[in-house]
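Structure, as structure tokens:
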Amino acid sequence: MSIVLITGSAGLIGSESVRFFSKKDFKIVGIDNDMRKYFFGDEASTKWNRNKIEKEIENYKHYDIDIRNQESVEKVFKEYGKDIKLVIHTAAQPSHDWAAKEPFTDFTVNANGTLTILEMTHTYCPEAVFIFTSTNKVYGDTPNNLPLIELETRWEVDTKHQYFKFGIDESMGIDNSKHSLFGASKVAADVLVQEYGKYFGMKTACFRGGCLTGPNHSGTQLHGFLAYLMKCAISGEKYSVFGYKGKQVRDNIHSYDFVNMFWNFYQKPRMGEVYNAGGGRHSNCSMIEAIKMCEEITGKKMNWSYNETNRIGDHIWWISDVRKFKSHYPDWNYIFNIKEILVEIYNGLSKSR
């Protein structure tokens, strides 16, 4: 049986990948040690999702391993060897703010951990397709230099600019910008994934996501924008908006649509590829617009406050141009838009876990 090895398998994208590929008749090997709980506290723990996966997915095998532990990771790769046809690497420390608290932890998880997974793939299953969930933060704060116009509920790029119609493409540079330490560690990982493709001829790809979201996200204040926002909308807990008048724009892609990109790439892989992968013009919103939608869905007024200080390296406006991916894989398309995503998150949070 063909095997998919997934790191961060109890997280949002990892668990979506488990469910998606289990339906494609793969055996799933998951690696996840719930570091999200260490990063963000008990409310962010993914243990509930791991338990759910192990109960529901018969062809799933879990390993409680830290991706930085080369010896433990190597044992797993040795066990399955060339039966591993696909590696989906989603495990990461995902927060700007948290990275500054523990730079060594952030870098070793994001950069060294990625190197470990890459090298084990290269050693034990070099023909496997390797997919990495990167981030649009590899571009640092360069997007903030775009000609932006303030509208009533959002910032928008000037209509005459090349990025207005479709969003930001992969030609944007990553140098001479403020990334945050998180962004820097993800840059290191991103470049490593590209290099293993280009230098060793491996079938690798970096998917530079915008806001990745969906009902299986353990959202917290420091990570998981829409999931945490809806959690606050339901509970009445105060939500804080940081800077840019609450008009900063994010594109949001549902975890299913994101993982469906992986499936398309797996069927016709390329070497050392890079794709911007977000909601694009199809699915995006500002903070203020998202709050309004949450209020409409829940029927409750949100308890939120505004902090003038923006997060370091944060984007004022980000919309992904996904045309490069669509040109390579024309059968792929979105299923979920922003309103449908929020409704699904609401329905998921309204049910007890």
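None of the figures in this text is laboratory data; all of them are computed from the coordinates on show. Source: prediction; values computed, not measured. Reconstructed Cβ throughout: ideal geometry from the backbone, glycine too, with neighbour counts over all protein chains shown.
Residues SER240, SER255, arranged from fewest to most other Cβ atoms within 10 angstrom of their Cβ, appear as SER240, SER255.
Relative to the longest principal axis of the Cα atoms of the chain, helix 113-124 runs at roughly 30 degrees.
May I ask for the Rg/Rh ratio of the chain, computed from Cα atoms with Rh as the Kirkwood radius, given to two decimals? Present the calculation step by step, with values, prior to reporting the outcome.
Values: Rg = 19.2 Å, Rh = 20.3 Å.
Value, to two decimals: 0.94.
Listing SER72, SER15, SER305 from the residue with the fewest other Cβ atoms within 10 Å to the one with the most, what is the order?
Details: SER72 16, SER15 28, SER305 8.
The most exposed by this proxy come first: SER305, SER72, SER15.
Angle of helix 287-298 to the longest C-alpha principal axis of the chain, folded into 0 to 90 degrees and rounded to 10: 90°. Taking the Cα centre of the stretch 129-247 as reference, the dipole from Cβ charges on Lys and Arg (+1) and Asp and Glu (-1) amounts to some 220 debye. Of the residues THR116, ILE291, PHE39, the one whose Cα sits farthest towards the positive end of the charge dipole of the chain is ILE291 (charges of +1 on Lys and Arg Cβ, -1 on Asp and Glu Cβ, taken about the Cα centre).
Report the chymotrypsin sites (Phe, Trp or Tyr not before Pro) located in the stretch 30-76 that are in a DSSP loop and have at most 10 other Cβ atoms inside 10 Å of their Cβ, or state none. Counting only loop positions with at most 10 other Cβ atoms within 10 Å, none of the chymotrypsin sites (Phe, Trp or Tyr not before Pro) in the stretch 30-76 qualifies. Taking every DSSP bridge with both residues inside the chain, close to 15 percent are antiparallel.
Segment VAL343..LEU151, full-extension length gain: 66.5 nm, with 0.36 nm per residue of separation and the alpha-carbon distance subtracted. Amide H contacts under 5 Å for ALA277: ARG208, GLY209, GLY210, restricted to partners 5 or more places along the chain or on a different chain, H placed in the peptide plane at 1.01 Å from N.
3J(HN,Hα) couplings calculated from phi for the stretch 264-269 with the Karplus curve 6.51 cos²θ - 1.76 cosθ + 1.60 (θ = phi - 60°) are, in sequence order, 5, 5, 4, 6, 8, x Hz; Gly and Pro show x. Taking other C-beta atoms within 10 Å as the exposure proxy, THR123, THR7, THR142 rank THR123, THR142, THR7 from fewest upward. For the chain, the dipole from Cβ point charges (+1 on Lys and Arg, -1 on Asp and Glu) about the Cα centre works out to 540 debye, to the nearest 20. Taking all C-alpha pairs of the stretch 116-164, those more than 16 Å from each other amount to 63 percent.
For ILE31, the residues whose amide H sits under 5 Å from its own are ILE6, THR7, GLY8, SER9, TYR63, ignoring neighbours fewer than 5 places away on the same chain, with H placed 1.01 Å from N. Peptides 313-325, 148-160 ranked from most to least packed, by the mean per-residue count of other Cβ atoms within 10 Å: 313-325, 148-160. Seen against the Cα atoms of the chain and their longest principal axis, helix 225-235 is set at about 60 degrees.
Under 8 Å for C-alpha pairs, at least 6 residues apart: give me the relative contact order for the stretch 3-350, rounded to a whole percent. Once divided by the residue count of the stretch 3-350, the mean separation gives 19 percent.
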